[in-house]
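J.: Structure incoming, see below.
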Amino acid sequence: MDHFSVSLSEADFHRALALQREVRGQNLAQGDVKLLIHTSDMFGSGFTKFPQVAKNQFVEDQLNLLDAAQDNLNGNQDSDILLGLFT
């Protein structure tokens, strides 16, 4: 899911989900395996050299929208609608 978190490619997302299903199917992992998207963390950390930009209201609003879309998709990764809204 790390690759998708950077690329935002739907093909990368579907590959990660297929790998997750394969791991579950082969019982290779203990407990529940859930890959989580973490794009908002990566985008937010991109402002470390420019903290004044990160405090800009527009930037904060956009990061909040991204975070909400990410949380929704992490909650229901089978939804193509939520995937479309996220990307």
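J.: Which option, (i) 1.01; (ii) 1.05; (iii) 1.23, is the value of Rg/Rh (Cα atoms, Kirkwood Rh) that was calculated from these coordinates?
T.: (ii)
J.: With an 8 Å Cα cut-off and a minimum separation of 6 or more residues, compute the relative contact order for the stretch 2-86 in percent. Each step should come with its number before you reach the end.
T.: Working: 51 pairs, mean separation 19.5, N = 85.
Reported relative contact order: 23 percent.
J.: How much net charge surrounds Phe47 when only the other residues with a Cβ under 12 Å from the Cβ of Phe47 are counted, with Lys and Arg +1 and Asp and Glu -1?
T.: Numbers: positive: Lys49, Lys55; negative: Asp41, Glu60.
Net of charged neighbours comes to 0.
J.: Okay, moving on. With +1 on each Lys and Arg Cβ and -1 on each Asp and Glu Cβ, and nothing else charged, work out how big the dipole of the chain is about its Cα centre, in Debye to the nearest 20. Kindly include the intermediate steps, with their values, before the conclusion.
T.: Numbers: 6 positive and 12 negative charges, 42 e Å.
Computed charge dipole of the chain: roughly 200 debye.
J.: Let me ask something else about it. State the dimensionless ratio Rg/Rh of the stretch 43-85 (Rg: radius of gyration of Cα atoms; Rh: Kirkwood radius).
T.: Working: Rg = 12.7 Å, Rh = 11.4 Å.
Rounded to two decimals, Rg over Rh is 1.11.
J.: Using 0.36 nm per residue, how much length does the chain from Asp2 to Arg21 gain when fully extended, once their Cα-Cα distance is taken away? Walk me through the intermediate numbers first.
T.: Numbers: separation 19, 0.36 × 19 = 6.84 nm, distance 1.64 nm.
Gain on stretching Asp2 to Arg21: 5.2 nm.
J.: What value, in deg cm²/dmol to 500, does the helix sum -39500 (n - 2.57) over DSSP H runs of n ≥ 4 give at 222 nm once divided by the residues of the chain?
T.: Taken over the chain, the calculation gives -20000 deg cm²/dmol.
All of the numbers you see were taken from the coordinates with simple rules; none came from a lab. No experiment lies behind these values; they were computed from the predicted model shown. Every residue, glycine among them, receives a Cβ derived from its backbone with ideal geometry; neighbour counts consider all protein chains shown.
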